[in-house]
Every structure is written in C-alpha cells, then in structure tokens.
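Student: Supplied in structure tokens, the structure appears directly below.
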Amino acid sequence: MIEDEEQKRLRKKEREEETIERKLLQKKRQDQIFVKKEGTVELPDQLSVKEFAEKIGIPTSQILASLVKNGVFANLNSTIDFETFQLIAMEHEVEVKKTESTATSEMLFEGNLHELLKDDAGNLTPRPPVIVVIGHVDHGKTSILDRIRKAKVAEGEAGGITQHIGAYQIDKNGRFITFLDTPGHESFTAMRARGTKTADIAILVVAADEGVKPQTIEAIHHAQEAGIPIIVAMNKIDKQSANPERVKGELNENGLHPEEWGGTVPVIPVSAHSGEGIDDLLEIVLLQADLLDLRANPNRKTVGTVIEAHLDPSVGPVATILVNTGTLRIKDPFLIGRVKGRVKTMIDASGKSLKEITPGGAAQISGIDEIPTPGDIIQVFDNEKIIHKKIDELKALHYLKKGMGLGVSQIIDKLQHGEMKFLKIVLKADTNGSLEAVKQSIDKIKNPNVGVKIIHAAVGAVSDTDVLMAAASQGIVIGFNVIISPRVSRIADKESVEVQNYDIIYNLIADIEKILTGLLEPELVEVIVGTSIVRQIFFTKRKLMIVGCKVESGKMKLKSKTRVFRNDEKIGDGVIIGLQHFDKKVKEVEENQECGIQFESDIPLEVGDKVECFELEKRIRTL
Ligand code: GDP
C-alpha cells in the first residue's frame with residue numbers, strides 16, 4: 001500500500017515536471033515567434049488579434065492588454081481593422097502599412113485584377129489554367145469544347161446533369177484544366193474591356209480545310225493584345241479536303257510561327273468528330289500551363305471574375321464565377337460590381353453542389369441581389385458593413401468615370417508622362433488597297449518618344465468588338481472611309497473610346513501626330529457633378545430660395561453652377577450659395593443624402609424639380 005502511495009506521488013511529480021518542461025518549451029517557441037519585427041510590416045485591411053501578434057512579433061497577451069487600454073475588448077480570434085492595429089503597433093514601436101490585398105474602390109471600379117491579386121510569393125500554390133477557345137465561325141470551336149467536355153467531365157460525374165454555366169473543368173492526368181465554354185473572342189474581349197483578364201491560354205481553332213479566315217486573324221490579334229499564348233487546334237483533320245501544310249503556311253504569314261517550322265506556336269491536328277488529337281491538345285495545354293507557372297493563394301478571401309450571369313426563375317440572379325484567387329465558400333459575403341450578396345448555393349458544370357471553389361475553378365453561384373455583368377469582379381469581404389461602404393464609394397466613382405476606355409485627353413496625358421509607350425490603334429478601312437496605304441503612312445510616322453502600334457487592322461465597318469478591343473487596350477479606333485453606325489458610336493461613347501473616321505489620309509496622319517506630340521488644344525469641358533431632386537420649399541424671396549433636396553446622383557457642391565429641369569426640360573440656371581446637411585454647413589453633400597440648399601436663381605423652384613450641378617474643366621480637345 002505504502003509503495004503504491006509512493007509510486008503515485010512520484011508519478012504526480014513526474015507529470016508536474018513534464019508540464020513545466022512543456023510550458024517552458026511553449027514559451028521558448030512563443031518567444032521565437034514573437035520576436036519584434038524590424039522595418040515595415042504589411043497588414044491587410046482586417047486581421048485577427050492572433051495573426052496581428054504573429055505578424056508584428058509581439059506576444060498576444062500584450063496586444064490584448066493594449067487593445068483593452070484603447071477600449072477594445074477582444075479575444076485571440078476577434079477580427080480588428082487595420083486602423084486600430086496601426087495604433088497598437090505604434091504603441092509597440094512597430095511600423096505597419098496596409099497591403100493592397102483587399103481592393104480599394106478605385107481598383108474594383110477599374111477592374112484592376114492585377115493589383116487585387118498581388119500576394120506574397122510564399123502564399124502562392126499552383127492553380128489550374130483557364131482556357132478560352134477562339135477562331136473563325138464554323139471552324140469547330142463548340143464541337144471541340146463539347147468533345148473535351150463529354151470525354152472528360154462525364155467520366156467521374158455519372159448521373160450529373162450537364163449545365164451550360166459558361167465554364168467547366170476537366171481532369172487530365174490528375175490535373176485540372178478550366179475551359180470557358182462561351183466560344184469566340186467577343187465575350188472574352190468584352191470582359192477584357194472591363195479590365196479583367198480571364199483566360200491564361202487561347203486555343204485558336206482553324207479548320208484544316210478552310211485555313212486562316214478574317215475572324216481567325218481578328219482572334220489572333222485579340223489573344224496577342226491580351227498577352228496570352230496561343231495553341232492552334234487544326235480541326236477537321238478527318239476531312240478529305242484537309243490541307244495542313246497550307247494552313248501552317250497561312251498561320252506563319254500571320255505571325256504565328258509553327259513549332260515544326262522552328263517557331264514557338266504548337267499546331268495540333270485534331271478532329272472534334274473522331275476525337276483524334278484531342279488528348280495531344282490537352283497535353284500541350286498542360287505543358288504550356290507549366291511554362292506559365294500559374295499560381296494563386298487559396299488561403300485568402302476570394303477575388304474572382306463573373307463569366308456569365310442571368311436570372312434563374314427558381315433561385316433568382318445567378319452568376320458563374322471564375323475564382324482568380326482565394327477560396328470561395330457558402331455563406332461568404334461578397335460584392336460583385338456594385339451589387340452585394342452572400343453565397344447561397346454553388347453548382348459546377350455537371351450540376352454537382354459544391355461547398356467551396358479553389359483558385360482556377362468555376363461554379364455558378366446564387367445569393368446575389370441583382371444580375372451582375374460578365375467581366376465584373378467579385379470580391380469577398382469580412383462583413384456586410386464593409387461591403388455597404390464600398391458600394392457607396394463605387395457609386396460615387398461610377399458617376400465620375402464613364403467607360404472602361406481612355407478618352408484622347410487621358411491617352412495624351414499618359415503618352416506625355418511616359419506611362420504609355422505606344423498609341424494603340426484599331427484600324428478599319430473600306431478596301432484592302434486603302435488599308436495598306438493607311439498602314440504604310442502610319443508606319444512612316446516618326447516620333448522620338450512614343451510609337452504607334454496598330455493592334456488590329458481589317459477591312460469593313462467599325463464593329464462593337466473593335467471598340468471593345470480599343471477600350472481593353474486603352475487605344476483608339478480609326479476608320480478610313482468606313483461606316484460607323486449610331487449604335488457603335490453609342491458604345492464608343494459609353495466606353496469612352498475615341499472613334500474617328502477620315503476620308504483624307506493627310507488629316508488622319510495629322511491627327512495621330514497631334515496625339516503623339518500632345519499638340520491638341522485645351523478646351524473647356526462641362527463636367528456634371530451631380531443631380532438632386534427638390535423635396536420641399538422652405539423659403540422664397542425674389543431671387544433667393546431655401547429648399548430641401550435629396551441628392552440623386554454624384555454630389556451637390558457649394559458655389560457650383562446649376563441648371564434646373566422640370567419634367568426633363570431645362571427651365572433655368574442658378575448658383576448654390578449655401579449648403580447644409582442636417583444642421584451643419586457643408587461644402588459637399590453625397591449621393592442619397594438629404595440637404596438644404598440656399599439657391600440663387602431667376603426661376604422659383606418647385607417640388608419635383610431637378611437641380612443639376614456642373615463645373616467647367618480644362619481638357620485637351622478631342623479629335
Ligand atoms: P463553331 O462555330 O466554331 O463553334 O463551329 P461548330 O463547332 O459549330 O462546327 C461547325 C460545323 O463543323 C458543324 O457542322 C460541325 O459538325 C462541323 N465540325 C466540327 N468539327 C469537325 C470535325 O472535326 N470534322 C468534321 N468533319 N466536321 C466538324
């Protein structure tokens with residue numbers, strides 16, 4: 001018995017010693033983690049107390065104590081914003097700055113995926129490539145997409161119902177490849193015009209019997225402008241009339257030098273009908289993807305791109321999302337364009353429900369408040385409060401900038417400041433002869449600082465895709481003796497793309513030279529600052545009025561010139577001489593807010609009138 005007691009005592013002592021040792025080890029480890037960081041530490045918009053402590057190298061207990069001192073009662077997993085942590089970091093003499101891994105509204109607005117995807121190299125892991133299939137009509141894009149899909153998606157997904165959601169993923173030798181299944185470069189360029197780069201590699205489909213056609217050339221230019229590698233699928237190789245050597249020659253003439261001829265472009269003979277060559281094509285896609293070393297960070301909040309969107313009668317607005325980085329999960333709160341939502345369901349192209357999508361993957365999601373636009377960026381945030389704030393900021397930005405292209409004045413500015421090295425031109429002409437003549441004249445333009453790059457030249461009227469291509473590449477469209485339909489003009493206006501038509505080469509060249517040298521004269525341009533609706537009349541005395549308004553768009557600005565509209569008809573002018581928000585005198589009042597306006601005008605205002613604020617801005621004259 002006594003021995004038992006003795007043994008028990010010893011074991012207890014041993015255990016105690018072990019605990020002390022473990023604690024010491026833990027402390028040692030903690031001390032190793034918590035070594036105060038030197039230099040500037042980058043922090044995201046928001047992070048947990050634990051993450052923050054590790055990042056700046058100060059023990060969590062100290063951070064929690066500092067937070068309490070500042071009136072913030074948190075635990076290790078509480079998420080705290082950058083601004084608060086900045087104060088705490090200062091207290092501990094660590095310098096911090098905000099990383100841009102979460103978007104500023106400007107980035108979101110401009111669709112600046114590149115900036116949004118920035119990440120520490122150490123966080124990145126390989127992701128599947130995303131492929132777009134382009135080429136001339138009837139050369140077999142849809143057939144190839146169907147063939148790949150049937151062969152590969154169906155294998156592991158027996159029983160699944162095929163859904164055309166705009167993207168599907170296949171498994172090739174244990175590796176995933178994502179295909180955008182809206183063939184053609186139009187939607188791809190429309191997305192690019194919105195600033196998003198969706199695909200990593202283009203498969204250019206060329207029929208082996210017909211060879212290179214006008215749309216093949218257009219597709220080549222689009223892929224080249226997007227800066228993505230091209231793999232040629234020489235389709236319909238099963239046909240008697242197939243002539244592979246001729247096709248290779250034509251590709252070569254158009255700047256795609258086949259590998260077999262010592263160039264860099266793989267040309268793979270395939271048949272969508274028999275399936276011949278499809279496996280080779282996929283092998284080459286994977287090889288090309290290896291060269292690109294595509295990576296993303298699955299452990300962060302998602303940034304993705306809308307591929308397709310529509311209204312589903314049963315679940316409401318749905319959108320197919322390509323996840324560029326991060327992992328998208330059910331219940332994630334997000335912002336798409338200027339629309340908010342929370343992921344409710346996710347299904348893939350085989351109709352299977354998913355709980356999460358990792359980078360390079362795509363799925364159709366529901367839980368969106370409104371139908372977004374393809375090319376819109378989706379970003380997941382911590383909570384809806386931040387999303388609402390972003391929406392307000394985006395609305396204000398939207399009001400200030402029209403389209404995705406750059407107007408001539410901005411292009412000139414960028415050329416002058418060295419931010420742009422080339423003036424990019426999409427050139428359209430009425431005949432082959434005039435196209436060549438214009439091209440040659442443009443080639444002769446000499447400027448020591450900036451060059452001219454014709455990104456696409458073809459015969460025919462200016463089309464939507466020409467405008468979108470110029471928008472996507474921040475260039476202009478120049479026509480020579482061509483038709484520019486009112487519809488195309490409207491798109492150009494919406495996208496802020498300069499489209500000009502000439503009938504004299506001399507004038508065309510002179511205008512290009514003016515852009516290159518920045519010699520276009522400045523002019524005064526009217527910029528609308530905002531509009532508001534009169535809700536109440538408080539006071540009227542001769543020319544002076546005090547009215548209550550709600551800002552409908554943009555903002556109201558003190559001392560701004562204004563115009564007054566009644567039933568959409570202009571009825572007079574005026575000046576805002578006093579501006580009030582609740583009982584505070586202010587200089588500006590933002591969208592959706594109420595304000596009191598002291599107004600000087602000849603016209604007595606009435607309830608329902610629209611007051612439009614505008615300013616005059618000096619801008620470089622457009623062509
Ligand atoms: P898209 O307009 O580029 O999407 O072309 P489609 O996939 O719709 O194909 C156009 C036509 O070519 C259809 O009639 C197809 O059946 C046919 N086609 C597609 N691929 C092949 C092929 O490999 N061999 C043959 N002989 N015909 C094909």
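The values are calculated or read from the model by the stated rules, or taken from the named source; none is laboratory data. Remember, it's a predicted structure, so these values are computed and weren't measured experimentally. All Cβ positions, glycine included, derive from the backbone under ideal geometry; neighbour counts span all protein chains shown. Surface accessibility is based on the protein's heavy atoms, side chains included, excluding ligands, DNA and RNA. Shrake-Rupley method; radii C 1.70, N 1.55, O 1.52, S 1.80 Å.
Student: From the list V285, V323, V303, exactly one residue is within 30 Å of G211 (Cβ to Cβ) and in contact (Cβ under 8 Å) with a residue 12 or more places away in the chain. Which is it?
Tutor: V285
Student: G341: surrounded by 15 or more Cβ atoms within 10 Å (Cβ to Cβ), small (G, A, S) and either outside any strand (DSSP E or B) or out of contact with any Asp or Glu (no Cβ under 8 Å at 6 or more places or on another chain) (or both), yes or no? Reasoning before the result, please.
Tutor: Numbers: surrounded by 15 or more Cβ atoms within 10 Å (Cβ to Cβ): yes; small (G, A, S): yes; either outside any strand (DSSP E or B) or out of contact with any Asp or Glu (no Cβ under 8 Å at 6 or more places or on another chain) (or both): no.
No.
Student: Within the range 365-375, take every residue that is open to solvent by less than 20 Å² (accessible area, probe 1.4 Å) and under 19 Å from the mean Cα position of the chain (by Cα) and give me the one that is nearest to A319 (Cα to Cα).
Tutor: For the range 365-375, the residue satisfying everything is I365.
Yes/no per residue for (1) crowded, with 21+ Cβ neighbours inside 10 Å; (2) within 16 Å of the ligand (Cβ to nearest atom):
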site: A202; (1), (2): yes, yes
site: I217; (1), (2): no, yes
site: P229; (1), (2): no, no
site: G249; (1), (2): no, no
site: G255; (1), (2): no, no
site: T264; (1), (2): no, no
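Student: Scan the range 463-472 for residues that are open to solvent by 10 Å² or more (accessible area, probe 1.4 Å) and either under 22 Å from L415 (Cα atoms) or not in a loop (DSSP other than H, G, I, E, B) (or both) and jot them down. Please lay out each step first, then the result.
Tutor: Kept after step one, since they are open to solvent by 10 Å² or more (accessible area, probe 1.4 Å), are these residues of the range 463-472: 463-465, 468, 472.
Result: D464, T465, L468, A472.
Student: Of the numbered conditions (1) within 14 Å of the ligand (Cβ to nearest atom); (2) open to solvent by 70 Å² or more (accessible area, probe 1.4 Å); (3) under 29 Å from the mean Cα position of the chain (by Cα), H273 fails exactly one; give the number of that condition.
Tutor: (3)
Student: Restricted to the range 119-140, and to residues that are within 16 Å of the ligand (Cβ to nearest atom) and crowded, with 24+ Cβ neighbours inside 10 Å, which residue is nearest to D293 (Cα to Cα)?
Tutor: As a first pass, look at the range 119-140 and keep what is within 16 Å of the ligand (Cβ to nearest atom): 131-140.
Among the residues that remain, those that are also crowded, with 24+ Cβ neighbours inside 10 Å are: 131-135, 139-140.
Numbers: I131: 15, V132: 18, V133: 20, I134: 23, G135: 26, H139: 30, G140: 29 Å.
Checked the range 119-140; the qualifying residue nearest to D293 (Cα to Cα) is I131.
Student: All but one of (1) modelled with pLDDT of 75 or more; (2) open to solvent by 90 Å² or more (accessible area, probe 1.4 Å); (3) at negative phi hold for K27; state the number of the condition that does not hold.
Tutor: It fails just one condition, (1).
Student: Let me ask something else. Which one is modelled with the lowest pLDDT, of the residues in the range 165-186 that are open to solvent by 40 Å² or more (accessible area, probe 1.4 Å) and of a type outside the set (D, E)? Please lay out each step first, then the result.
Tutor: Restricting attention to the range 165-186, the residues satisfying the condition of being open to solvent by 40 Å² or more (accessible area, probe 1.4 Å) are 169, 171, 173-176, 182-183, 186.
Checking which are of a type outside the set (D, E) leaves us with 169, 173-176, 182-183.
Numbers: Q169: 92, N173: 85, G174: 89, R175: 93, F176: 94, T182: 76, P183: 68.
The extreme case among them is P183.
Student: Looking at this structure, is R329 under 19 Å from the mean Cα position of the chain (by Cα) and open to solvent by 10 Å² or more (accessible area, probe 1.4 Å)?
Tutor: Details: under 19 Å from the mean Cα position of the chain (by Cα): no; open to solvent by 10 Å² or more (accessible area, probe 1.4 Å): yes.
Criteria not met by R329.
Student: So, one more: Considering only the range 453-462, state which residues are open to solvent by 40 Å² or more (accessible area, probe 1.4 Å) and either touching a His at 6+ places or on another chain (Cβ under 8 Å) or in a strand (DSSP E or B) (or both). Give the derivation first.
Tutor: Of the residues in the range 453-462, the ones open to solvent by 40 Å² or more (accessible area, probe 1.4 Å) are 453-454, 459, 461.
K453, I454, V459, listed by residue number.
Student: State all residues of the range 227-267 that are hydroxyl-bearing (S, T, Y) and more than 19 Å from D280 (Cα to Cα); if no residue qualifies, say none. Please lay out each step first, then the result.
Tutor: Let us first name the residues in the range 227-267 that are hydroxyl-bearing (S, T, Y), namely 241, 264.
The one that is hydroxyl-bearing (S, T, Y) and more than 19 Å from D280 (Cα to Cα): S241.
Student: Here is a check on your reading of the model: is G211 more than 29 Å from the chain's Cα centre (by Cα), without any contact (Cβ under 8 Å) to a residue 12 or more places away in the chain and assigned to a loop (DSSP other than H, G, I, E, B)? Talk me through it step by step, then tell me what you get.
Tutor: Numbers: more than 29 Å from the chain's Cα centre (by Cα): yes; without any contact (Cβ under 8 Å) to a residue 12 or more places away in the chain: no; assigned to a loop (DSSP other than H, G, I, E, B): yes.
Judged against the criteria, G211 is not a match.
Student: Do the conditions hold for T320, that is, is it crowded, with 21+ Cβ neighbours inside 10 Å and among the β-branched types (V, I, T)? Working first, answer last.
Tutor: Working: crowded, with 21+ Cβ neighbours inside 10 Å: yes; among the β-branched types (V, I, T): yes.
So T320 fits the description; yes.
Student: While we're here: Is one or more of the residues making up the range 489-498 part of a strand (DSSP E or B) and within 24 Å of the chain's Cα centre (by Cα)? Full working, then the answer.
Tutor: Residues of the range 489-498 that are part of a strand (DSSP E or B), as a first pass: none.
There is no residue in the range 489-498 that is part of a strand (DSSP E or B) and within 24 Å of the chain's Cα centre (by Cα).
Student: Of the residues K557, K584, only one is touching a residue at least 40 places away in the same chain (Cβ under 8 Å), out of contact with any Gly (no Cβ under 7 Å at 6 or more places or on another chain) and among the charged types (D, E, K, R); which?
Tutor: Values: K584 fails: touching a residue at least 40 places away in the same chain (Cβ under 8 Å).
Only one candidate qualifies: K557.
Student: So, one more: How many residues, within the range 458-514, are free of Cβ contacts under 8 Å to residues at least 40 places away in the same chain and among the aromatic types (F, W, Y)?
Tutor: Number of matching residues: 2.
Student: For L286, state whether it is more than 21 Å from the chain's Cα centre (by Cα), more than 15 Å from the ligand (Cβ to nearest atom) and of a type outside the set (D, E, K, R).
Tutor: Numbers: more than 21 Å from the chain's Cα centre (by Cα): yes; more than 15 Å from the ligand (Cβ to nearest atom): yes; of a type outside the set (D, E, K, R): yes.
Yes.
Student: For residues that are modelled with pLDDT under 85 and open to solvent by 70 Å² or more (accessible area, probe 1.4 Å), scanning just the range 145-155, find the one that is farthest from the ligand (Cβ to nearest atom).
Tutor: We begin by selecting, within the range 145-155, every residue modelled with pLDDT under 85; these are 150-155.
Pick out the ones that are also open to solvent by 70 Å² or more (accessible area, probe 1.4 Å) and you get 150, 155.
On the way: K150: 13, E155: 21 Å.
Ranking the candidates gives E155 first.
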